[in-house]
1. Using the crude model of +1 on Lys and Arg Cβ and -1 on Asp and Glu Cβ, and no other charge, please compute the dipole size for the range 122-177 relative to its Cα centre, in debye to 20.
2. How much net charge surrounds Thr38 when only the other residues with a Cβ under 14 Å from the Cβ of Thr38 are counted, with Lys and Arg +1 and Asp and Glu -1?
3. Please give the FRET efficiency for Tyr142 paired with Thr216, using the beta carbon to beta carbon distance and R0 = 51 Å, rounded to the nearest 0.05.
4. Size of the dipole of the chain about the Cα centre, Lys and Arg at +1 and Asp and Glu at -1 on the beta carbon, nothing else charged, in debye to 20?
5. How far is helix 179-188 tilted off the main Cα axis of the chain, in degrees rounded to 10, range 0 to 90?
6. Give me log10 I(q)/I(0) at q = 0.18 Å⁻¹ for the range 1-102, Debye formula, one equal scatterer per alpha-carbon, no solvent.
7. Considering the options Phe184, Thr136, Asn79, tell which one lies farthest towards the positive end of the dipole of the chain, charges being +1 on Lys and Arg and -1 on Asp and Glu at the Cβ, about the Cα centre.
8. How much of the pair distance distribution for the range 2-188 lies past 28 Å, counting alpha-carbon pairs only, in percent?
Amino acid sequence: MKNRGCVTSVIKFKFVSSTDNADIRIALNYNNDRNTYTYLGTMLTSPITNETGLLNTDQKSFNMHYGWFDDNTTDYGRNGFSGTVLHEFGHALGLQHEHKNPINSTIRVSAYISYLTGPPNNWSEANAKSQAAFFTAQEDAYYENKYTTYDPLSIMHYFVDAKFTNNNVAVGGSDKLSAGDIDFIGTVYPFPKDPTNPVDPTIGTTIYTINNSSGTPQIDIVRGTNGLISLVNRQPGNSLNSTNQKYLIFTRTKNGDWYNVAYILYSNSPLGTTTSTGITNFGPSKGESIMIERQDPGQSLGTLLFREK
Ligand SMILES: [Zn+2]
């Protein structure tokens, strides 16, 4: 995903081992099924019974399926690894099929559906309509669809042959995110705004403050005048709250990803102090950028609180 553009500058996926819990769980060719599909957005983590007979919430079942990958699949191009995986992760993020956008006046939908239901495709009428027909007002209400202008370059647009378009030009089937895809994902998953930077003149610059359960600022994350990071507990010896939240402080790896966990602060234990003033120093190199996430009990993914450039 990383090399395909910018979705990772908006969204960060954490890859976990097969024994760890995961929101997205992938199967290949389950029962020789050649179909490729993903549950849409929050349906991915909802108690919906899927093809395995288990719920999507069940860690033993999958909720993303690849059916046609084999030794002949290409990296790029229509139905290649790259475009297919980006498309399916688009569904996981809640993106619908772009060719179903009712603003689209390019595709002759009934001809396209006839093609999908006829040989050699032999899709059921219901399946062809759900995959290819324009969204109805009822579906818009059900899915709470949000529309952009029609984007024929979207990763979410099927390849549609020239035989089924009004201008006799084939459309869709891209293997990369379009500018429209990246913009839209950025509107659905916005970054929180950077907090203001109050200055503690005795230590350095407070770059982020964590409030305790009473809403009072308690832990300052400070960029010292020497460029190093310190955590300062304004109430030495006190923990933030009684729940077991984790505050993860990441630094960048050499290739620019945010995977190095430099420090974990547990909300239900006092900051480990190295001095009586409640300061803990930890090890990002001088001037190294940091990112802070909060992980609540039971969550597998953290919530981004702060990120330096
Ligand atoms: Zn799709």
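1. Around 140 debye, computed over the range 122-177.
2. Working: positive: Arg25; negative: Asp23, Asp33, Glu51, Glu88.
Within the 14 Å Cβ shell, the charges total -3.
3. On the way: r = 43 Å, r/R0 = 0.85.
Step by step, r from the Cβ atoms, then E = 0.75.
4. Numbers: 24 positive and 27 negative charges, 131 e Å.
Magnitude of the dipole: close to 640 debye.
5. 50 degrees
6. For the range 1-102, the Cα-only Debye profile gives -0.98.
7. Phe184
8. Numbers: 4275 of 17391 pairs.
Roughly 25 percent, rounded to a whole number.
Values in this text are rule-based calculations from the coordinates and carry no lab data. Only a predicted model underlies this, so the values are computations on that prediction, with no experimental measurement involved. Reconstructed Cβ throughout: ideal geometry from the backbone, glycine too, with neighbour counts over all protein chains shown.
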